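Colleague: Input: one structure, supplied below.
The values are calculated or read from the model by the stated rules, or taken from the named source; none is laboratory data. Just so it is clear, the structure is predicted and the values come from calculations on it, not from any experiment. All Cβ positions, glycine included, derive from the backbone under ideal geometry; neighbour counts span all protein chains shown. With ligands, DNA and RNA removed, areas are computed over all heavy atoms of the protein, side chains included. Shrake-Rupley method; radii C 1.70, N 1.55, O 1.52, S 1.80 Å.
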Amino acid sequence: MFRWKWIDLRVRALVWATLFMVAAPAAADTLPEEFLGKFRGSVTGNVGEVEGDFNMVSSIRRGGFTVAWSPNNSAGFEASDQKNVFHARSRGRLLEGVPAFWARLADGKLLVYSMQIDSHGGYDIYTFIYIPAADGLDMTIRHLRSGSEPLEASARLKRYDR
Amino acid sequence: MTAERKYLPVLAAILAVLLLVAPPAKADDQDSNVEDFFGAYVGDAVIEGTMQFRDIIVSIEPIRNGFSIYTSTVIRTGPKRATRDVKWRAETQSFVQTDVPHVYQPMVRKSMFAEKRDPDLMAGDTLAWASIRDHTLGVYAMNVLEDGHYELRVFERTLTDIGMDISFVRYNDGIPVRKLKGKLARTKADVDNN
């Protein structure tokens, strides 16, 4: 009787473990809570078109999320086949200057990318790196542009939606 | 009529003549044309922070609607070429003009079955293009890798008095991880043939 009871327990544990593995998503299809909301701060110096007051607003949408950021950018991101990688819907025509956006989650950070070929045929790439902080997000911006040295700036963005 | 008003038409006429006679902006102030790069160049380069030297030959030639760049690179780890570990590679890249001024795209072999489509960075395609800005011919190649980080390879050739300066930088997610710089001289044809 005692033996059967233990087998029963083992089977139950196995069933629960299997259910847990099946229920857990294979890949995140949206943003963790700490990156969602409204954040603002001030960037010291200027990095390309980013200067001074900076706003970042992110929200969930079906199959992904949207991010809007200063001065006038926004993109909707969808989960890709790769875990923690999100693509904005491609509009093509990159050589004509249409920008491409994508994002990824890595090591607890959210990285949002924008890439554009400028009117002189040069590259213009921004990387926004967001790291959760006590009252919002720490942000680092990297800017890579033809004919210029790589630039970097950072800012503390405070959450203002709670 | 005041004296100033009296002389205004004369001043305007002198200004108009000066504008017509004034020489155009110096060539140095304008972007180079692709024709300015045509020719053969030889020289050397080094990877920053290493003893890896490159002996380089570049030949830039016109093709229909664009240009091709032939690059021969001898890779050596010391002052001499004739060593056991010397390496060599050569490649030709061809670019054709796009609808955007000064921007070129890689020439692809035409196939009647192939559907023309733009490279899709998110699908793993390499986005390659070339452009001329000031006196620099830039060739660029970009990839977004599976984990979402990007690689950008920037090869720039800038015209100088003797030929061209070359520079290559490979960026990994915006961080330069490999830099090469070198100087090439424009060659003259050897007419003696001996």
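Colleague: Between B:Thr160, B:Thr83, which is modelled with pLDDT of 95 or more, more than 10 Å from chain A (Cβ to nearest Cβ) and out of contact with any Phe, Trp or Tyr (no Cβ under 8 Å at 6 or more places or on another chain)?
Modeller: Exactly one of B:Thr160, B:Thr83 is modelled with pLDDT of 95 or more, more than 10 Å from chain A (Cβ to nearest Cβ) and out of contact with any Phe, Trp or Tyr (no Cβ under 8 Å at 6 or more places or on another chain), namely B:Thr160.
Colleague: Turning to a different aspect of this structure: Across region A:113-126, what is the total count of residues that are buried (at least 21 other Cβ atoms within 10 Å of the Cβ) and in a strand (DSSP E or B)?
Modeller: Summing the residues that are buried (at least 21 other Cβ atoms within 10 Å of the Cβ) and in a strand (DSSP E or B) in region A:113-126 gives 6.
For (1) part of a strand (DSSP E or B); (2) open to solvent by less than 20 Å² (accessible area, probe 1.4 Å), each residue gets a yes or a no:
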position: A:Glu51; (1), (2): yes, no
position: A:Asn55; (1), (2): yes, no
position: A:Val67; (1), (2): yes, yes
position: A:Pro71; (1), (2): no, no
position: A:Ser74; (1), (2): yes, no
position: A:Asp81; (1), (2): no, no
position: A:Phe86; (1), (2): yes, yes
position: A:Arg91; (1), (2): no, no
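Colleague: What number of residues within region B:142-167 satisfy the criterion of being without any contact (Cβ under 8 Å) to a residue 40 or more places away in the chain, assigned to a strand (DSSP E or B) and either open to solvent by less than 10 Å² (accessible area, probe 1.4 Å) or among the aromatic types (Phe, Trp, Tyr) (or both)?
Modeller: Here the count works out to 5.
Colleague: I would also like to ask the following. Could you count how many residues in region A:126-162 are more than 20 Å from A:Asn84 (Cβ to Cβ), without any contact (Cβ under 8 Å) to a residue 60 or more places away in the chain and hydrophobic (A, V, I, L, M, F, W, C)?
Modeller: So the answer is 3.
Colleague: Out of region A:140-154, which residues are outside any strand (DSSP E or B), open to solvent by 10 Å² or more (accessible area, probe 1.4 Å) and within 11 Å of chain B (Cβ to nearest Cβ)?
Modeller: Residues satisfying the conditions are A:Gly147, A:Glu149, A:Pro150.
Colleague: Would you mind telling me which numbered condition in (1) buried (at least 17 other Cβ atoms within 10 Å of the Cβ); (2) in contact with an Asp or Glu (Cβ under 7 Å, 6 or more places away or on another chain); (3) at positive phi B:Arg133 fails?
Modeller: Every condition holds for B:Arg133 apart from (3).
Colleague: Moving to a separate point now. Hey, B:Met107 hits all of (1) within 13 Å of chain A (Cβ to nearest Cβ); (2) in contact with a Phe, Trp or Tyr (Cβ under 8 Å, 6 or more places away or on another chain); (3) open to solvent by 80 Å² or more (accessible area, probe 1.4 Å) but one; which does it fall short on?
Modeller: Going through (1) within 13 Å of chain A (Cβ to nearest Cβ); (2) in contact with a Phe, Trp or Tyr (Cβ under 8 Å, 6 or more places away or on another chain); (3) open to solvent by 80 Å² or more (accessible area, probe 1.4 Å) one by one, B:Met107 breaks only (1).
Colleague: Tally the residues that are touching a Phe, Trp or Tyr at 6+ places or on another chain (Cβ under 8 Å) and open to solvent by less than 60 Å² (accessible area, probe 1.4 Å), restricting the search to region B:175-186.
Modeller: 3
Colleague: Got a number for residues in region A:121-139 being more than 10 Å from chain B (Cβ to nearest Cβ), under 13 Å from the mean Cα position of the chain (by Cα) and either modelled with pLDDT under 95 or closer than 22 Å to B:Leu127 by Cβ (or both)?
Modeller: Qualifying residue count, region A:121-139: 1.
Colleague: Just name the residue that is most open to solvent (accessible area, probe 1.4 Å) out of those in region B:53-78 that are of a type in the set (S, T, N, Q) and farther than 15 Å from B:Ile166 by Cβ.
Modeller: Of everything passing the filter in region B:53-78, B:Asn65 is most open to solvent (accessible area, probe 1.4 Å).
Colleague: Something else: Within region A:92-111, is there a residue that is of a type in the set (Lys, Arg) and within 10 Å of another protein chain (Cβ to nearest Cβ)?
Modeller: yes
Colleague: Within the group B:Val177, B:Val139, which residue is more than 10 Å from chain A (Cβ to nearest Cβ) and touching a residue at least 24 places away in the same chain (Cβ under 8 Å)?
Modeller: Answer to the selection: B:Val139.
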